[in-house]
């Protein structure tokens, strides 16, 4: 029996690499499935110079894909999970969270080495408020300059000498096969806390309509759920939703599932970086494959909510409101 599926993706090299990864996994999960990649240029792709915080946040990378889903032009959309708001708009659902790539950030320098090898006043390129404030927390002398564009554009500007260093996600570099060829230092997630859900992919679908024309396709998509990734991402996204953070709030949060516990560590800033809060919890947790089958992890969500409420009591919402 043959099946057909349309996978929506942004047109960037990284987005297409991620969409093709999901295409290969789905075609392996369901013999007879033929999946096509449908590219959709989003507002975020068109606005290549302005800060995301100034023009509407990372939601600009998903709006047109959700419109294509609603118009039945595609059957599912593949996103970088960190681009999704902590709470999806009405009418849409998270159909699967596949296995997660490395969630850390990477410092990429022209001369090699980490923070200590950067000269005083070195030029660091990033347009992420979180990355800017975390970098200045470690090296307040740095000259942090705006840098947007796709991965190749950012690397080209580093090579051209516009910057002494830039910060990118390890996951994107690995998916593009670039990490090992660069002067990269993987940043410790406790010292430099990554964005919530960084390294994870999201398969988004309509809430009221099955994926594709056969129930086998829906089952194939659900089979991509990874219990560890789902748990970590659920805790991180629930934390963000609890404190009221947006996709561009200067917040880092990282969950780590161990043998019998989950560790959740968070760091957030006021918009000017003058104030910050950090906190963490370790709670009992065991990976449950039933969560992967159901597509939800209530225990992980409870851990995220617990840390969120605790940090609200310490002023987290006031810091988020300032941003």
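In this calculation the C-beta distance from residue 218 to residue 309 is compared with R0 = 41 Å, giving a FRET efficiency of 0.75.
Across all Cα atoms of region 226-323, the radius of gyration (one decimal) and Dmax (whole number) stand at 13.5, 44 Å. Across region 97-232, the volume of the C-alpha convex hull divided among the residues equals 132 Å³ per residue.
Rounded to two decimals, the Cα-based Rg/Rh of the chain, with Kirkwood Rh, is 0.96. Ranked by the mean number of other Cβ atoms within 10 Å of their residues, highest first, the peptides 289-299, 304-314, 78-88 fall in the order 78-88, 304-314, 289-299.
Tell me what the chain gives for mean residue ellipticity at 222 nm when only DSSP H runs of n ≥ 4 count, each as -39,500 (n - 2.57), the sum divided by the residue total, rounded to 500 deg cm²/dmol. After summing the helix terms and dividing by residue count, I get -10000 deg cm²/dmol. Any idea what angle helix 298-312 forms with the longest principal axis of the chain, computed on alpha-carbon atoms, 0 to 90 degrees, nearest 10? Relative to the chain, helix 298-312 is tipped by roughly 30 degrees. Taking the DSSP bridge list for the chain and keeping only pairs wholly inside it, about 70 percent are antiparallel. Taking each residue as 0.36 nm, the span from residue 281 to residue 181 lengthens on full extension beyond its C-alpha to C-alpha distance by 32.4 nm. Counting only DSSP beta bridges whose two residues both lie in region 226-323, roughly 100 percent are antiparallel.
I'm a student and want to see the number: the projected area of the Cα convex hull of region 237-280, averaged over all directions, in nm².
3.2 nm²
Gap in Å between the Cα centre of region 283-317 and the Cα centre of region 162-239? With region 162-239 and region 283-317 each reduced to a Cα centre, they are spaced 18 Å.
None of the figures in this text is laboratory data; all of them are computed from the coordinates on show. What you see is a predicted model; the values in this text were computed from it and never measured. Cβ: placed from backbone, ideal geometry, glycine included. Neighbour counts: every protein chain shown.
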